[in-house]
1. Please work out which one of (1) open to solvent by less than 50 Å² (accessible area, probe 1.4 Å); (2) at pLDDT 95 or above; (3) more than 16 Å from ligand 1 (Cβ to nearest atom); (4) not in a helix (DSSP H, G or I) is the condition Lys370 fails and give its number.
2. Report yes if Tyr78 is closer than 26 Å to Asn5 by Cβ and in contact (Cβ under 8 Å) with a residue 24 or more places away in the chain, otherwise no.
3. Which number in (1) modelled with pLDDT of 90 or more; (2) part of a helix (DSSP H, G or I); (3) among the hydrophobic types (A, V, I, L, M, F, W, C) marks the one condition that Leu173 misses?
4. Just wondering, is there one or more residues in the range 31-46 that are modelled with pLDDT under 95 and touching a Gly at 6+ places or on another chain (Cβ under 8 Å)?
5. Could you please let me know if Ala267 is farther than 18 Å from Pro362 by Cα, open to solvent by less than 50 Å² (accessible area, probe 1.4 Å) and assigned by TED's automatic domain parsing to the domain that holds Asp186?
6. Looking at (1) modelled with pLDDT of 95 or more; (2) out of contact with any strand residue (DSSP E or B) (no Cβ under 6 Å at 6 or more places or on another chain), which is the only condition Ala167 fails?
7. Take the range 408-425 and flag every residue that is of a type outside the set (Gly, Ala, Ser), in contact (Cβ under 8 Å) with a residue 24 or more places away in the chain and part of a loop (DSSP other than H, G, I, E, B).
8. For the range 373-389, does any single residue satisfy the condition of being touching an Asp or Glu at 6+ places or on another chain (Cβ under 9 Å), open to solvent by less than 40 Å² (accessible area, probe 1.4 Å) and of a type in the set (Ser, Thr, Tyr)?
Amino acid sequence: MIMTNQIKTYTLRNYKTIPQIATLSDEMIEAIEVVGRVLPFKTNNYVIDNLIDWTQIESDPMFTLTFPRKEMLSKKHYNAIKKLLEKGVDKAILDKKAYEIRMELNPNPAGQEHNVPEMNNVKLKGIQHKYPETVLFFPSQGQTCHAYCSFCFRWPQFSGMSDFKFAMNETNLLAQYLLQNPQVTDVLFTGGDPMTMSTRLLSTYINILIEPEFKHIHTIRIGTKALSYWPYRFTKDADSDELIKLFERIVRAGKNLAIQAHFNHSAELKTLAVKESIQKIRSTGAQIRTQSPVLKHINDKPEIWAEMWRKQVDLGCIPYYMFVARDTGSKRYFELTLDKCWNIFRKAYRQVSGVCRTVRGPSMSCEPGKIQVLGVQQVEAEKVYVLRFLQGRDPSWVNIPFFAKYDPSATWFDQLEPAFGEEKFFFEAG
Ligand SMILES: *Cc1c(COP(=O)(O)O)cnc(C)c1O
Ligand code: SF4
């Protein structure tokens, strides 16, 4: 197959021109048409030609990751859209129904808006500051992705729901905020995918942080899925060389540069393109740390994780987080019980060597903090979950084990209750 560095994007408008689409059943095409109206759908030639195995499409994880499938919507929602399509109603009517369904799918989970700071009475919409040492920054031009993950909790940002868009144009506001908050050591650029920005744009955001007055910023992190969905970003795009020079400049300025790479499956690590890109990034002195949610139909087997972590370490990446998927979008389709998540984690963890065990999880990003499921245990007569904060809104909560009643069907922290007849968890007021 000829490798190309020209990105070709496919959405609901033009996906029928993908050559491999001819191999799909009528039912699968219908699912793309119906589900694609509600959940954002975008993929590209690299994903299609290199990551998806078209010979086993019914179960292929990379297809499931970027293409809509029927089961991602409830029957009720699916049939409602299907009916409107069959009737051939106006686009406005279809869009209205799709919007209503999206609103029922919890488009803005886990109270993300609570962590937006204020400065001089102005809400800084492109910033989230939840843990003292780390600021998240959402550059407005980086709020899209090379392809869309069907489970993504940031999907409202991609579907024209602009009031949910945590975005900010002014780097100056970020700079001012950081100067007023010298306790911040880390700035994490996130999105969407900031690596969808041109190098020139990305530099405008980053250049200021390598100025001497920001010496309290030790680490610049960039969250990205580009290594998986468009690895040529680092090697063959028109401005890849400038990008690599930017990384070198950051490292030369004495900063720790960490690429927080999002990988969901070992299939994403197999191509020559991803290997070359990882090498290129590492040659600048930057680190690559990896993370992913654990998802049914994608990576719900310990072997997949063990293989993924081993491969990542082989390539010089550092396994970092396994997340529990948030309650949004098509969560029903992807969700696993906490018990299952923990079992996948421990069965993967125990078969890899210490160099892979930098990974922590399964972790839920909740309102009070990042809560890790340490395990299930029986304490006298009671079966419990043992939990701890990896990150806490109050740092004093971090690393104290605590207990919740075992619930075999729980999929998120808010479904758990304190164990041993306690009224509240230790960190809850009163
Ligand atoms: C995960 C996360 C961070 C970064 O936490 P680390 O444990 O330092 O990687 C920062 N802010 C928010 C809101 C997060 O969810
Ligand atoms: S790459 Fe990240 S932000 Fe983009 S669609 Fe996937 S999960 Fe969402």
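The values are calculated or read from the model by the stated rules, or taken from the named source; none is laboratory data. Keep in mind that this is a model prediction, so the values were computed, not measured. When we count neighbours, we look across all protein chains shown, and the Cβ atoms used for this are built from the backbone with ideal geometry, even at glycine. Quick note on the areas: whole protein, heavy atoms, side chains included, nothing else; ligands and nucleic acids left out. Shrake-Rupley method; radii C 1.70, N 1.55, O 1.52, S 1.80 Å.
1. (3)
2. Values: closer than 26 Å to Asn5 by Cβ: no; in contact (Cβ under 8 Å) with a residue 24 or more places away in the chain: yes.
Here the answer is no, as Tyr78 does not meet what is asked.
3. (1)
4. Yes: the range 31-46 contains one or more residues that are modelled with pLDDT under 95 and touching a Gly at 6+ places or on another chain (Cβ under 8 Å).
5. Numbers: farther than 18 Å from Pro362 by Cα: yes; open to solvent by less than 50 Å² (accessible area, probe 1.4 Å): yes; assigned by TED's automatic domain parsing to the domain that holds Asp186: yes.
Considered against the rule, which asks whether it is farther than 18 Å from Pro362 by Cα, open to solvent by less than 50 Å² (accessible area, probe 1.4 Å) and assigned by TED's automatic domain parsing to the domain that holds Asp186, Ala267 comes out as yes.
6. In the conditions (1) modelled with pLDDT of 95 or more; (2) out of contact with any strand residue (DSSP E or B) (no Cβ under 6 Å at 6 or more places or on another chain), Ala167 misses (1) alone.
7. Pro408, Thr411, Trp412, Leu416, Phe420
8. yes
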